[in-house]
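The structure appears right after this line, and notes come after that.
Quick note: the coordinates plus some simple rules give every number you see, no bench work behind them. Only a predicted model underlies this, so the values are computations on that prediction, with no experimental measurement involved. Positions of Cβ are backbone-derived with ideal geometry, glycine not excepted, and every protein chain shown enters the neighbour counts.
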Amino acid sequence: MSVNKSHLALDKKLTICIVNTHFQDTVGGSQLQCHIIAEELQKRGHSVTYVAIDGHSQVYNTPYTVIGVKRNGYRVGKIISGIKPDILYWRFNKKFFLKSVKTAAENVGRVVFAVSNIRDLQPYSAVLKKPFTFGSIRQFIQKNLVSRYNHFGFSYVDGLTVNNKNQLEMSPVSPSIYIPNAIYTKTAHFKWPRPYVLWVANIKDRKQPDVFVKAAANFMGKGIDFLMMGKLEDEKYNWLNNNEHVPANFHYLGTQHIDVVNGALKHSLFLATTSTPEGFSNNIIQAWFQQKPVVAFEFDPGGYINDHNLGFVSEGNMDQFMNHIEVMITNENLRKEVGRRAFKFANDHFSTEKTVNAIENLFFQIL
């Protein structure tokens, strides 16, 4: 579709249904993306209804409509069916996907699946974890059977988006396009008495927070603090709140508003990320907009960090990770140079307007 034709199509206003958990209920990257997209689409005159899985907020302070529903494929499908959207924009991974879209199919114009994590594109996405017990093996098999079952839901999908260009080749759907995440850049006041490295994410296994704590221990006594922000989603990491189990220069600050996170990034030395491969972490984009480099333990979304010299990638090697952190701590000129380059890159590639333009154009293309 040509640009001119797509802009002519924008005169038509659509009924759009977005499915995900909502950021007022669950703080996370995909939830924030859906809120930004819903807000902008509503501003452009479309009628947007956000189906919030497990929605429990008393009041949703949004310009678009929010309907809370318990996570159940049939219930979600019936809610969608009642909305009768021109476009269903699904960004809730593959959870209950097949049952939901199958239930709603007759009353949905087109379906767009937005990939949040590489596992969305894997028919069998569960990983067998140690120790290998009967229970863990049974859970592994069950999760993969559910993953494969919901993967059949792609037969109902008319268009797919990824936020990591390297994942396009895995898509089972055409058209499939790369659409980068958008982000808020507003900052709130944040002050800390010592220089610090920042880690930001919801705390769970695939984010590998323990790697960051190990890194902090390696820099004890050097006047550098290691701060962690994010919601504790897995009880196994409750020890992060216990000073007896973490190094003295490590501080867990809990869940923070995105403006506070931006403020903390602004005054940090740099962002450290220890996530396993996923989609495209919002915290990386946030860091770049605050002119900060990124030191990644193993995951480089889209290859951008390495390709554009926006920090370091340690390829999952702990010694290399420590070395990269030390270099970035001690070399102020390098931090500033990389930070300037990261800021320019972020402005060139990530914006709400560009992101929603691309999504809107895809909607009209598949219609």
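Taken one residue at a time, the phi angles of region 96-102 give Karplus couplings (6.51, -1.76, 1.60, θ = phi - 60°) of 6, 5, 4, 4, 5, 6, 5 Hz. Gly and Pro are set to x. In plain terms, the residue of His257, His35, His349 with the fewest other Cβ atoms within 10 Å comes first and the most crowded comes last, giving His257, His349, His35. With the helix formula -39500 (n - 2.57) applied to DSSP H stretches of n ≥ 4, the chain reaches a computed 222 nm mean residue ellipticity of -11500 deg cm²/dmol. Among Asn218, Asn283, Asn150, which one shows the highest mean-square fluctuation when the chain is modelled as a Gaussian network with alpha-carbon springs under 10 Å? Result: Asn218 has the largest fluctuation of those listed. Taking a ≥ b ≥ c as the square roots of the Cα gyration tensor eigenvalues, region 79-130 comes out prolate, since a/c reaches at least 1.5 and a/b is larger than b/c.
In this calculation the C-beta distance from Lys84 to Phe152 is compared with R0 = 30 Å, giving a FRET efficiency of 0.80.
Restriction of the chymotrypsin sites (Phe, Trp or Tyr not before Pro) in region 119-191 to DSSP coil positions whose beta-carbon has at most 15 other beta-carbons within 10 angstrom yields Tyr124, Phe132. Rounded to the nearest 10 degrees, the inclination of helix 134-151 to the longest alpha-carbon principal axis of the chain is 40 degrees. Residue pairs exceeding 27 angstrom between C-alpha atoms, taken from Lys130/Lys231; Lys186/Lys354; Lys214/Lys354; Lys207/Lys292: Lys214/Lys354.
For Lys84, the shell of other residues with beta-carbons less than 13 Å away shows a net charge of 0, using +1 for Lys and Arg and -1 for Asp and Glu.
Every Cα-Cα pair of the chain was included, and the share exceeding 25 Å stands at 56 percent. Please give the helix 352-366 orientation as an angle from the longest Cα principal axis of the chain, in degrees from 0 to 90, rounded to the nearest 10. The angle comes out at about 30 degrees. Ordered by the count of other Cβ atoms within 10 Å of each Cβ, fewest first, Ser30, Ser81, Ser155 give Ser155, Ser81, Ser30. In region 196-349, a dipole from Cβ-located charges (positive for Lys and Arg, negative for Asp and Glu) runs towards its positive end, and of Met220, Leu271, Val338 it is Val338 whose Cα lies farthest in that direction. Using only Cα atoms and rounding to the nearest 10 degrees, what angle (0 to 90) does helix 332-349 make with the longest principal axis of the chain? Result, in degrees: 10.
With contacts defined as alpha carbon pairs under 8 Å and 6 or more residues apart, what's the relative contact order of region 10-163 in percent? Don't skip to the answer; put the middle values down first.
Details: 281 pairs, mean separation 32.4, N = 154.
For region 10-163, the relative contact order is 21 percent.
Charge dipole (Cα centre; +1 on Lys/Arg Cβ, -1 on Asp/Glu Cβ; no other charges) of the chain amounts to roughly 740 debye.
By the gyration tensor of its Cα atoms, with a ≥ b ≥ c the square roots of the eigenvalues, what is the shape of region 210-352: rounded for a/c under 1.5, prolate for a/b over b/c, or oblate? The shape class here is prolate. Taking the Cα centre of region 196-349 as reference, the dipole from Cβ charges on Lys and Arg (+1) and Asp and Glu (-1) amounts to some 440 debye.
If you run the Gaussian network model on the chain, springs between alpha carbon atoms under 10 Å, then out of Pro195, Pro301, Pro209 the most flexible one is Pro195.
Trypsin sites (Lys or Arg not before Pro), restricted to region 149-197: which are DSSP loop and have at most 13 other Cβ atoms within 10 Å? Can you show the working numbers first?
Working: sites: Lys165, Lys186, Lys191; in loops: Lys186, Lys191.
Of the trypsin sites (Lys or Arg not before Pro), the ones in loops of region 149-197 whose Cβ has at most 13 other Cβ atoms within 10 Å are Lys186, Lys191.
Provide Trp288, Trp192 in ascending order of the number of other Cβ atoms located within 10 Å of each residue's Cβ, fewest first. All intermediate terms of the calculation are to be shown ahead of the outcome.
Values: Trp288 30, Trp192 14.
The most exposed by this proxy come first: Trp192, Trp288.
What ranking do 240-247, 157-164 get when scored by the average of other Cβ atoms within 10 Å per residue, highest first? Intermediate results must be reported in sequence, preceding the final value.
Details: 240-247: 12.6, 157-164: 23.6.
My ranking of the peptides, most packed first, is 157-164, 240-247.
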